[in-house]
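Undergrad: What follows is a structure written as structure tokens; I'll ask about it next.
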Amino acid sequence: MGEKDTAAKHYFANDAFFADAFNFFLFSGKKVIKPEELSPMDSTEAARIFGEKSSTSVQRHRDLLKLWGARENEDAVFMLLGLELQSTVHYGMTARNMLYDALSYATQISDIKRLRKRQKAGNTGNNDNAGNNDDAELTCENGVVTIRMTDSAEFLSGMKKDDKLKPVITLVLNLSGKPWDGPTELHEILNVKNRELLQYINNYRLNIVSPAEIEDDDFKKFSTACGFALKVVKHQNDTGLADVIKKQKSTDLETADFISAFIKHKKIFQEKDTNEVDMMNGLDLWEQKVKVLEAIGILKDKGDSDEAIVNYVTKRHPVTPDYVRKLMKEQTETLPEEAKTQASSVPAGA
């Protein structure tokens, strides 16, 4: 897992940011899903396919999975929310997410089946109730409980007719900074030319939030700093990044850590006494560093001596000779191309 994926997974493990992303996609930013209603779930999806005697085990690891326990009227409603974080476009994402969701449902069926077995087995401890099961016959011989469900359909599935599963919604967050140009439906990756036949092939739709395709004003629909973070993701490779950061002025430490992984400038933020970081001063220092490094590079290419470079740079930038010498030693660590692009867009004297 790359640095961006790791940073994103850590960031959206926070219930507030996780809920904000889903609220933006599902409810146009309305605060329907509340952070306190979320519970972390094991993100490993596993199931045994094709029965018990001859079966195949399938296991996949989601990025994040949480149980949402909401209230609908007087009843509690539970739903599984999965979040997949993509720093690059995945052209097989529709099939991959379909497998995740299918495994989630298969796992729930297995859990219900185990629960039903425990319930039936528990009834054998009371002889008065042992024969009062309308849907199963229980026998106990030498301490071994045998369950025979009288309904063959229930026997095959391990479920009762009125058992229900928790709905599953999987959301993809495209963090590449580019529009999603991959398929968004299963039908798009199927080689089927007969349109009449295609209508009988179940489709699967990809749920996706792609910051590069969100209008800048729409980031206001997010209720947390997640909106600012995703706006930075959108502009991570263009000249608008500096303006986005300057308008925000400050943010929380978690958001600062997250966006640092995407803009690749670890010293851009200056930590304050509170649980916040100052981005204005940090950004100014970073822009200054970019300009000085560019000047050093140009003068070195011309063949100027180290002292000549120091004298030239200190006369044109508010930096000390020691600062210039330090950067000259770091010259082997070149800045990314997008940093140079941004630096060229900064007005002189900024």
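The values are calculated or read from the model by the stated rules, or taken from the named source; none is laboratory data. Just so you know, these numbers come straight off a predicted model, no measurement behind them. Note that each Cβ is placed from the backbone with ideal geometry, even for glycine, and that neighbours are counted across all protein chains shown. These area figures cover heavy atoms from the full protein model, side chains too; ligands, DNA and RNA do not enter into them. Shrake-Rupley method; radii C 1.70, N 1.55, O 1.52, S 1.80 Å.
Undergrad: Please work out which residue is modelled with the lowest pLDDT, limiting yourself to segment 18-72 and to residues that are among the acidic types (Asp, Glu) and open to solvent by 40 Å² or more (accessible area, probe 1.4 Å).
TA: Glu52
Undergrad: Consider segment 169-187. How many of its residues are open to solvent by 20 Å² or more (accessible area, probe 1.4 Å) and in contact with a strand residue (DSSP E or B) (Cβ under 7 Å, 6 or more places away or on another chain)?
TA: So the answer is 4.
Undergrad: Just give me the residues in segment 156-193 being aliphatic (A, V, I, L, M) and either in contact with a Gly (Cβ under 9 Å, 6 or more places away or on another chain) or free of Cβ contacts under 8 Å to residues at least 40 places away in the same chain (or both), in sequence order.
TA: Correct list: Leu156, Val168, Ile169, Leu171, Ile189, Leu190, Val192.
Undergrad: Next up: Name the pairs: first residue in segment 296-321 and touching a residue at least 12 places away in the same chain (Cβ under 8 Å), second residue assigned to a loop (DSSP other than H, G, I, E, B) and of a type in the set (D, E, K, R), Cβ to Cβ under 8 Å, at least 6 apart or on different chains?
TA: That search, which allows pairs on different chains as well, returns Tyr312/Asp304.
Undergrad: Right, something else. Which residues, taken from segment 77-89, are within 15 Å of the chain's Cα centre (by Cα) and closer than 30 Å to Lys34 by Cβ?
TA: Answer for segment 77-89, where residues must be within 15 Å of the chain's Cα centre (by Cα) and closer than 30 Å to Lys34 by Cβ: Leu80, Leu81, Gly82, Leu83, Glu84, Leu85, Gln86, Ser87.
Undergrad: Which of the residues spanning segment 4-29 are farther than 18 Å from Val232 by Cβ and out of contact with any Phe, Trp or Tyr (no Cβ under 9 Å at 6 or more places or on another chain)?
TA: Ala13, Asp15, Phe25, Leu26, Phe27, Ser28, listed by residue number.
Undergrad: Right, something else. Just wondering, is there one or more residues in segment 87-98 that are at pLDDT 65 or above and in contact with a Lys or Arg (Cβ under 6 Å, 6 or more places away or on another chain)?
TA: Taking every residue of segment 87-98 in turn, at least one turns out to be at pLDDT 65 or above and in contact with a Lys or Arg (Cβ under 6 Å, 6 or more places away or on another chain).
Undergrad: What is the number of the single condition among (1) surrounded by fewer than 20 Cβ atoms within 10 Å (Cβ to Cβ); (2) assigned to a loop (DSSP other than H, G, I, E, B) that Gln236 does not meet?
TA: Of (1) surrounded by fewer than 20 Cβ atoms within 10 Å (Cβ to Cβ); (2) assigned to a loop (DSSP other than H, G, I, E, B), only one is false for Gln236: (1).
Undergrad: Select from segment 298-324 the residues that are out of contact with any Leu (no Cβ under 9 Å at 6 or more places or on another chain), part of a helix (DSSP H, G or I) and surrounded by 15 or more Cβ atoms within 10 Å (Cβ to Cβ) and list them in ascending order.
TA: The answer is Leu299, Val310, Thr314, Tyr323, Val324.
Undergrad: Further, regarding this structure: Name the one entry in Leu197, Leu206, Leu241, Leu171 that is touching a Leu at 6+ places or on another chain (Cβ under 8 Å) and not charged (D, E, K, R).
TA: The match here is Leu171.
Undergrad: Now for a separate question. Just to verify a result, which residue in segment 148-168, among those that are open to solvent by less than 50 Å² (accessible area, probe 1.4 Å) and over 30 Å from Gly2 (Cα atoms), is modelled with the lowest pLDDT?
TA: In this case the residue turns out to be Met149.
Undergrad: Follow-up. List pairs: first in segment 211-239 and under 10 Å from Phe24 (Cβ atoms), second open to solvent by 60 Å² or more (accessible area, probe 1.4 Å) and outside any helix (DSSP H, G or I), Cβ under 8 Å, 6+ apart or cross-chain?
TA: Listed pairs, sorted by first residue: Lys221/Ser28; Ser223/Lys31.
Undergrad: Would you mind finding the one in Leu198, Leu190 that is open to solvent by less than 20 Å² (accessible area, probe 1.4 Å) and either touching a Lys or Arg at 6+ places or on another chain (Cβ under 9 Å) or hydrophobic (A, V, I, L, M, F, W, C) (or both)?
TA: Leu198
Undergrad: Kindly indicate the residue of segment 73-82 that is in contact with a Phe, Trp or Tyr (Cβ under 9 Å, 6 or more places away or on another chain) and open to solvent by 30 Å² or more (accessible area, probe 1.4 Å) and also modelled with the lowest pLDDT among those meeting that condition.
TA: Val77
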